[in-house]
Amino acid sequence: MHDRFVRLCEIPSPTGSEREVADAVIAELRALDIEVTEDEAAGPASAGAGNLVARVPGEQEGWVMFGAHLDTVPHEGSVEVVVEDGTYRSRGDTILGADNKAALAVLLELAARHHDRPPPLGLELLLTVAEEDGLRGAKAFDVSGLRAGYGFVIDHASPIGDVINAAPTYQRLTAEFEGTESHAGIRPEDGHNAIAAAAAAIAAMELGRIDEETTANIGVIEGGAASNVVAGRCRIEGEARSIDPARAAATVGSMVDACTWGASEHGCDADVEVAELFRGYRTPPDSAPLRVATAALEACGIEASTVATGGGSDANALVAAGFDCVLLANGTASNHTPQESVAAASLDRMLDVCGAIVREAASPGDG
């Protein structure tokens, strides 16, 4: 499994370029005579491949689903994996790709261990594309084709034992400010500065952590032509997130109002677009996958901790589509950065937890 993890990390698969890693996964599964299919999501998801579904029949009737994604965030250069003191890292300035290839390696190992020795309950692996940019693969996936009644997405960068019981709604904001260019040294009074308008708008926004469940951010600002030209255009990108969908909508609405005000104050126009990339959820306390995950962790000697997250995952899209699932931590750290890492022991522990989940799901009353 550890060698597989390294091999997968060193296959480039940024969002939109998943074909090579998808083909590698398909080849490995089919070499084990494991059923694997690919859907038609590549087009709708603007991905390099479709979502994969692999199945290993179990001793009992019924199935349990495990999910991971094939893509990574974009990166420059090739990933070269090194292991230091039992922890995997990237040798250079790239990401490692443990998000989400740690989970991918674990799930392939889970399937491989049972290809000739049926698990207690059927394994259904959902391996999605384009997760890192708006969960596009999971959104394009038809959950009615799943045989499992519930499942587990292994994609949260925190210590194994965390069971995510709430995740946010994500609203993305893009604003284009249009002013009037003029020479900044000769006739600045003839200009209307779009950067100044954007700056005023940002200054009027409440950003950062707004309350326990809500955040807002402006992450991109770009514009202007030269230092001696009053800027005729400026573009900003931001977001609002909240576990309460109404709070997310209200927060991004306030950001839109700030853009409109900033543009007006500086004689500019503002074209503002808002898009909901995914919808948040709260897992009910009596949820079957929540109960199964907690019992499985305890069976492995790991204390289960239910926590809310500020990040999104395929679980958001699957829950929105009516499929019951929970998000689990996979023991990775510093995802999306050159400091990304995962301990070999975390891979082993996550495999143990997945095996315990299958056994727990197969027990009377949970299958």
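Using only Cα atoms, find the angle between the long axis of helix 98-113 and the longest principal axis of the chain, and express it within 0 to 90 degrees, rounded to the nearest 10.
Once rounded, one gets 20 degrees.
Return one whole number: the accessible area per residue of the chain in Å², for a 1.4 Å probe. Spell out each step's value before the answer.
Numbers: 15470 Å² over 367 residues.
Per-residue accessible area for the chain comes out at 42 Å².
For labels at residue 237 and residue 113 in the simple 7 Å Cα→Cβ model, what's the distance in nm?
4.0 nm
What residue among 280, 344, 296 has its Cα farthest toward the positive end of the dipole of the chain, where the charges are +1 on Lys, Arg and -1 on Asp, Glu, each on the Cβ?
296
Place a point 7 Å from Cα of residue 254 in the direction of its Cβ. Which residues in the range 207-235 have their backbone N less than 14 Å from it?
207-218
Under a point-charge model restricted to the Cβ atoms of Lys and Arg (+1) and Asp and Glu (-1), what is the dipole moment magnitude of the range 232-296 relative to its Cα centre, in debye to the nearest 20? Please list the in-between numbers first.
On the way: 7 positive and 10 negative charges, 84 e Å.
With Lys and Arg at +1 and Asp and Glu at -1, about 400 debye.
How large, in percent, is the carbon and sulfur part of the accessible surface of the range 294-362 at a probe radius of 1.4 Å? Intermediate values should be presented prior to the final figure.
Details: 1120 of 2430 Å².
After summing per-atom areas, the C and S share lands at 46 percent.
What is the list of residues in the range 83-122 whose amide nitrogen lies under 12 Å from a point 7 angstrom out from the Cα of residue 60, following Cα to Cβ?
Residues 120-122 qualify, since their backbone N sits under 12 Å from the label point.
Please report the carbon-and-sulfur percent of the accessible area for the range 119-237; probe 1.4 Å, protein heavy atoms only, DNA, RNA and ligands left out.
Working: 2260 of 4860 Å².
Carbon and sulfur: 47 percent of the exposed surface of the range 119-237.
Multiply the residue gap between residue 206 and residue 261 by 0.36 nm, knock off their C-alpha separation, and tell me the result in nm, one decimal place. Numbers along the way, then the final one.
On the way: separation 55, 0.36 × 55 = 19.80 nm, distance 1.42 nm.
18.4 nm is the gain from fully extending residue 206 to residue 261.
What does the C-alpha gyration tensor say about the overall shape of the range 30-149? Classify as rounded when a/c is under 1.5, otherwise prolate if a/b is larger than b/c, or oblate.
Details: a/c = 2.58, a/b = 1.32, b/c = 1.95.
Oblate shape, in that a/c is at least 1.5 and b/c is the bigger or equal ratio.
For the chain, with the dipole built from +1 on Lys and Arg beta-carbon atoms and -1 on Asp and Glu ones, taken about the Cα centre, which of 180, 97, 264 lies farthest toward the positive end?
Most positive-ward Cα: 97.
Each label point is 7 Å from the Cα along the Cα-to-Cβ direction; what then is the distance between the points at residue 222 and residue 7, in nm?
Those two pseudo-labels are separated by 3.8 nm.
Based on DSSP, what percent of beta bridges with both residues in the chain are antiparallel, to the nearest 5?
Values: 55 of 76 bridges.
DSSP beta bridges in the chain are roughly 70 percent antiparallel.
Rounded to the nearest 0.05, what FRET efficiency do residue 345 and residue 142 give with R0 = 30 Å and r taken as the Cβ-Cβ distance? Could you check?
Numbers: r = 37 Å, r/R0 = 1.23.
My answer for the efficiency is 0.20.
Nothing charged except the Cβ atoms of Lys and Arg (+1) and of Asp and Glu (-1): what's the magnitude of the dipole of the range 1-112 about its Cα centre? Round to the nearest 20 debye.
100 debye
Over the range 179-310, calculate the relative contact order: mean separation of alpha carbon pairs under 8 Å at least 6 apart, over the residue count, as a percent.
Details: 200 pairs, mean separation 33.4, N = 132.
RCO, the range 179-310: 25 percent.
Provide the packing ranking of 231-243, 142-154, 183-195, i.e. peptides ordered by the mean count of other C-beta atoms within 10 Å per residue, highest first. Present the calculation step by step, with values, prior to reporting the outcome.
On the way: 231-243: 22.2, 142-154: 19.4, 183-195: 15.8.
Descending packing order for the listed peptides: 231-243, 142-154, 183-195.
Using the Cα centre of the chain as origin and beta-carbon charges of +1 (Lys, Arg) and -1 (Asp, Glu), tell me which of 164, 356, 231 is placed farthest towards the positive end of the dipole.
Value: 356.
Pull out a ≥ b ≥ c, the square roots of the eigenvalues of the alpha-carbon gyration tensor of the range 229-367, then state rounded if a/c is under 1.5, prolate if not and a/b is larger than b/c, and oblate in the remaining case.
On the way: a/c = 4.09, a/b = 2.19, b/c = 1.87.
Since a/c reaches 1.5 and a/b is larger than b/c, the shape of the range 229-367 is classed as prolate.
Taking 0.36 nm per residue of separation and subtracting the Cα-Cα distance, what length does fully extending residue 30 through residue 299 add?
Details: separation 269, 0.36 × 269 = 96.84 nm, distance 3.18 nm.
Full extension of this stretch gives 93.7 nm more.
Only helical DSSP H runs with n ≥ 4 go in: add -39500 (n - 2.57) per run for the chain, normalise by residue count and round the 222 nm mean residue ellipticity to 500 deg cm²/dmol. Mind showing how you got there, number by number?
On the way: 9 runs with 111 residues, N = 367.
Helices in the chain give a 222 nm mean residue ellipticity of -9500 deg cm²/dmol.
Sort 316-327, 2-13, 72-83 by the packing proxy (mean of other Cβ within 10 Å over each peptide's residues), most packed first. The partial results should precede the final answer.
Details: 316-327: 22.2, 2-13: 18.9, 72-83: 15.7.
Descending mean neighbour count gives 316-327, 2-13, 72-83.
HN-Hα J couplings of the range 68-84 from phi, Karplus 6.51/-1.76/1.60, θ = phi - 60°, integer Hz, Gly and Pro as x?
With the stated coefficients, the range 68-84 comes to 8, 10, 8, 8, 10, 5, x, 7, 9, x, 8, 7, 10, 8, 10, 10, 10 Hz.
For the chain, with only Lys/Arg (+1) and Asp/Glu (-1) charged at the beta-carbon, what is the dipole magnitude about the Cα centre, in debye rounded to 20?
Its charge dipole is roughly 420 debye.
If each of residue 87 and residue 306 carries a label point 7 Å out from its Cα toward its Cβ, how far apart are those two points in nm?
Rounded to a tenth, the inter-label distance reads 3.1 nm.
The values are calculated or read from the model by the stated rules, or taken from the named source; none is laboratory data. Please read all numbers here as calculations on a predicted model, not as lab measurements. Please note: Cβ atoms are built from the backbone with ideal geometry, for glycine as well, and neighbour counts cover all protein chains shown. To get the accessible areas, we keep the full protein, side chains included, count just its heavy atoms, and leave off ligands, DNA and RNA. Shrake-Rupley method; radii C 1.70, N 1.55, O 1.52, S 1.80 Å.
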